[in-house]
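Everything on this sheet refers to the single structure shown next.
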Amino acid sequence: MASSEHSFDVVSDFDRQELVNAVEQARREIATRYDFKDVTAEIDLQDKEIVILAASDGRADAVLDVLKSKLVRRNLSLKILLPGKPEPAAKGNVRQAIKIQKGIDEDTARDLSKRIKAGHPKVQVRIQGDELRVVAKDKDNLQAVIQDLRQLDLPVPLQFTNYR
């Protein structure tokens with residue numbers, strides 16, 4: 001990269017420890033709340049998903065709401081969660097798997113790349129795995145790209161890293 005070029009990466013990531021903390025806080029709140037007394041209401045954080053086990057669809061929704069409130073408090077975007085449909089589980093309970101989104105998928109990356117190139121012809125965009133690298137000679141062009149990306153309502157949260 002020539003010294004006259006500037007760049008940044010567009011990523012979709014989150015702090016895993018903050019997610020762990022949010023799930024723990026949600027667990028504690030559920031354990032102490034009266035409306036969850038003597039009913040099944042569990043949250044299990046796995047590698048790529050969170051599994052909620054609850055007595056009913058309504059309870060699963062309530063558990064999810066508690067979890068969402070903890071995520072928001074810890075500055076985690078709710079867009080990292082992709083809730084599945086609640087499914088019947090053992091003993092009349094309901095299981096709901098919630099995928100955890102990390103990275104920018106191929107389709108979204110291509111779409112973002114097209115939008116950036118269309119709006120900012122002096123900028124180069126490269127898709128690198130699950131992130132984008134945006135390069136330009138002028139820092140103002142990069143700032144304009146960041147401004148435009150912040151305006152978009154996308155299915156994933158975006159962060160801008162390695163600005164140089």
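Structure data summary
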item: Qualifying residue in region 99-114 (condition: outside any strand (DSSP E or B), over 30 Å from A144 (Cα atoms), of a type in the set (G, A, S) and out of contact with any Pro (no Cβ under 8 Å at 6 or more places or on another chain)); result: no
item: Any chance K85 is under 30 Å from A54 (Cα atoms), over 17 Å from the mean Cα position of the chain (by Cα) and not aromatic (F, W, Y); result: yes
item: Of residues in region 9-42 being of a type in the set (S, T, Y) and either free of Cβ contacts under 8 Å to residues at least 12 places away in the same chain or touching a His at 6+ places or on another chain (Cβ under 8 Å) (or both), the one nearest to A136 (Cα to Cα); result: T32
item: Region 90-103 - residue that is hydrophobic (A, V, I, L, M, F, W, C) and at pLDDT 95 or above and, of those, farthest from V23 (Cα to Cα); result: V94
item: Neighbours by Cβ (under 6 Å, 6+ apart or cross-chain): first from region 43-59, assigned by TED's automatic domain parsing to the domain that holds E24; second in a helix (DSSP H, G or I) and not charged (D, E, K, R); result: I43/V23; I43/A26; L45/V23; I52/A60; I52/V63; A54/A60; A54/V63
item: Filtered residues of region 115-141 (kept if in a strand (DSSP E or B) and closer than 28 Å to A22 by Cα); result: E131
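The values are calculated or read from the model by the stated rules, or taken from the named source; none is laboratory data. All values derive from a computational prediction rather than experimental measurement. Here Cβ is always computed from backbone atoms with ideal geometry, including for glycine, and neighbour counts include all displayed protein chains.
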